[in-house]
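Written below as structure tokens is the structure these notes are about.
Derivation of every value follows stated rules applied to the coordinates shown; laboratory data play no part. Not measured: the values here are computed from a predicted model. All Cβ positions, even for glycine, are placed from backbone atoms using ideal geometry, and neighbour counts span all protein chains on display.
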Amino acid sequence: ETGVTQTPRHLVMGMTNKKSLKCEQHLGHNAMYWYKQSAKKPLELMFVYNFKEQTENNSVPSRFSPECPNSSHLFLHLHTLQPEDSALYLCASSQGRGGATEAFFGQGTRLTVV
Amino acid sequence: GQQLNQSPQSMFIQEGEDVSMNCTSSSIFNTWLWYKQEPGEGPVLLIALYKAGELTSNGRLTAQFGITRKDSFLNISASIPSDVGIYFCAGSDNFGNEKLTFGTGTRLTIIP
């Protein structure tokens, strides 16, 4: 399998549930990202990891908790979300600090909070 | 913070027509990227630009890095039905900087 893979593709969860989104990249990259895409808004950067170290947290509420156990895997743990958190969550990867800037995206997880 | 204004927001064109869209920034960028997103999918990288004035083609797509470093253009020639989607520009102010700023997108619809 190649590229950036996200699972699940669709997720419906209640506000009291705990769920996790998974991202895996097979590009040999060292940087991984979580973006949120809502209707009629630009992509919003949430978190950045470089060489497994979190280098950016874009004022994301604590109900979103990222985890990067290695350069190939990235998780987003979700807890007590709100309906306004419903969106497409996109994972991406790039070469990382000092490398090319091009980010490659997964297909996204469509999250609905009910 | 940095802002990217992308225009037009939407386009309705007939098959075979040429398409032009652009992005302008409030500050200088050193990298410009153009992505296409289809329904239910993530954005796919189309073209990357790294030098002011650079003109790069990818098939029927041509993108330019503006001389001022504050703008970029994407042209699609002889549009076909599979060109339908949302086109996003993205910029970075430093080579190797992992933070990309994205435009709001141009939604392209092709009228049969």
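When a/c reaches 1.5 or more, the comparison of a/b and b/c decides; with that in mind, is chain A rounded, prolate or oblate per its Cα gyration tensor?
prolate
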For this session: List the cysteines in chain A whose Cβ has no other cysteine Cβ under 4.7 Å from it.
Result: A:Cys68
Seminar exercise, completed: The relative contact order of the range B:1-101, taking Cα pairs under 8 Å that sit 6 or more residues apart, comes to a percentage of 33
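For the protein assembly as shown, what is the charge dipole size about the Cα centre, in debye to the nearest 20, if Lys and Arg each add +1 at the Cβ and Asp and Glu each add -1 at the Cβ? Before the final figure, lay out each step's value.
On the way: 18 positive and 19 negative charges, 93 e Å.
Here the size comes out at about 440 debye.
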Problem set entry | Relative contact order computed over chain A (Cα-Cα under 8 Å; 6+ residues apart), in percent | 37
Exercise. What does the charge dipole of chain A about its Cα centre add up to, to the nearest 20 debye, if the Cβ of each Lys and Arg holds +1 and the Cβ of each Asp and Glu holds -1?
Worked result: 280
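Which order do A:Thr7, B:Thr56 fall in if you start with the one that has the fewest other Cβ atoms within 10 Å?
Placing the least packed residue first, the sequence is A:Thr7, B:Thr56.
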Seminar exercise, completed: Taking Lys and Arg as +1 and Asp and Glu as -1, residues besides B:Ser27 with C-beta under 12 Å from its C-beta add up to 0
Problem set entry | Amide H contacts under 5 Å for B:Gly85, placed H, 5+ residues apart | B:Leu108
Problem set entry | Only Lys, Arg (+1) and Asp, Glu (-1) charged, at Cβ; chain B dipole about Cα centre in debye | 280
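If each residue's Cβ is checked for other Cβ atoms within 10 Å, how do A:Met46, A:Met32 rank with the fewest at the top?
Ascending number of Cβ neighbours within 10 Å: A:Met46, A:Met32.
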Seminar exercise, completed: Taking a crude spin-label model, label points 7 Å out from Cα along the C-beta direction, the A:Lys18 to A:Ser38 distance in nm is 2.6
Problem set entry | C-alpha center-to-center spacing [the range B:1-46, the range B:48-76] in angstrom | 11
